[in-house]
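The values are calculated or read from the model by the stated rules, or taken from the named source; none is laboratory data. Bear in mind that the values here come from a model prediction, so they are computed numbers and not experimental data. As a convention, Cβ positions derive from the backbone with ideal geometry for all residues, glycine included, and neighbour counts pool all protein chains shown.
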Amino acid sequence: MTKASLLAIGGLALLHAQQPVSYGVKIGTPLNDSVSTTASTSSSPGRWTGGPFVELHLPLRLSLEFSALYRSGRENATRVLPFGQNLNPYLFTSTDKIQTWDFPLLLKYRFGGRAIRPFVGAGAAWSYRRSQFEAVLSCLGVQDSCRPPMFSSDPAPSHIKSSLTRFGPAASAGFDIKTRAVTISPEVRWNRAFSGSGVREQFSVLVGLGF
């Protein structure tokens, strides 16, 4: 082993000792997501969000935290679509299965305290949203009684997969409860993220378990 390698290993060991790394998981629930139903659509967001995190502790009560938080949801739609005055209507039904990963990177500051230490954090989050959209048109009548003359056959089912990525601000506030085995960290977190078919202000309540 060369002298440069020994110096590099020693430097990394010293850095790790001065700036320890903690890790763990966070689990919680979105605050402003709820089941909604109208005459033609219904939205059923997931009740849970969570995932792993890693945190680099810096001097001056600062730390840098990166986490990966997953959540899911579903949107259903049903509409009656007529294609002509003398034709029976089609029944349009669709399902959109949505999976979202939020990747917040936060610079956190902890206030003084022994058993309980409040903290605030600010930074940014990447949101990656995957959608699996399926739609079907069904004739509300006998065969071919809904189809306009310009259609050679009834419309085929649609299957569309798409993905989107968004970058936006994020913030958090909470407190650490340190025990011998684990650090418990309740917090409220916000980021501008995807939810359903649009972009919204996403609020979540999380509890972190750190080691």
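Structure data summary
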{"item": "Residue pairs meeting the criteria (Cβ under 7 Å; at least 6 apart or on separate chains; first surrounded by 15 or more Cβ atoms within 10 Å (Cβ to Cβ), in the stretch 65-78; second basic (K, R) and at pLDDT 90 or above)", "result": "E65/K108; S67/K26; L69/K26; R74/K97"}
{"item": "Members of the stretch 77-131 found to be more than 23 Å from R47 (Cβ to Cβ), under 28 Å from the mean Cα position of the chain (by Cα) and of a type in the set (D, E, K, R), listed by number", "result": "K108, R110, R117"}
{"item": "Among (1) at pLDDT below 95; (2) of a type outside the set (V, I, T); (3) loosely packed, with under 14 Cβ neighbours inside 10 Å; (4) farther than 26 Å from P30 by Cβ, the one test that H159 misses", "result": "(1)"}
{"item": "Selection within the stretch 23-37 - small (G, A, S) and either modelled with pLDDT of 95 or more or under 18 Å from the mean Cα position of the chain (by Cα) (or both)", "result": "G24, G28, S34"}
{"item": "Members of the stretch 75-116 found to be part of a strand (DSSP E or B) and small (G, A, S), listed by number", "result": "A77, S94"}
{"item": "Residue in the stretch 132-150 that is under 14 Å from the mean Cα position of the chain (by Cα), free of Cβ contacts under 8 Å to residues at least 60 places away in the same chain and either within 24 Å of G73 (Cβ to Cβ) or surrounded by 13 or more Cβ atoms within 10 Å (Cβ to Cβ) (or both) present", "result": "no"}
{"item": "All positions within the stretch 45-74 that are of a type in the set (D, E, K, R) and part of a loop (DSSP other than H, G, I, E, B)", "result": "R47, R61"}
{"item": "The listed residue being within 30 Å of I116 (Cβ to Cβ), at pLDDT below 90 and exposed (fewer than 11 other Cβ atoms within 10 Å of the Cβ), out of Q85, Q18", "result": "Q18"}
{"item": "Subset of the stretch 131-159 (residues that are of a type in the set (A, V, I, L, M, F, W, C) and closer than 16 Å to G84 by Cβ)", "result": "L137, C139, L140, V142, C146, M150, F151"}
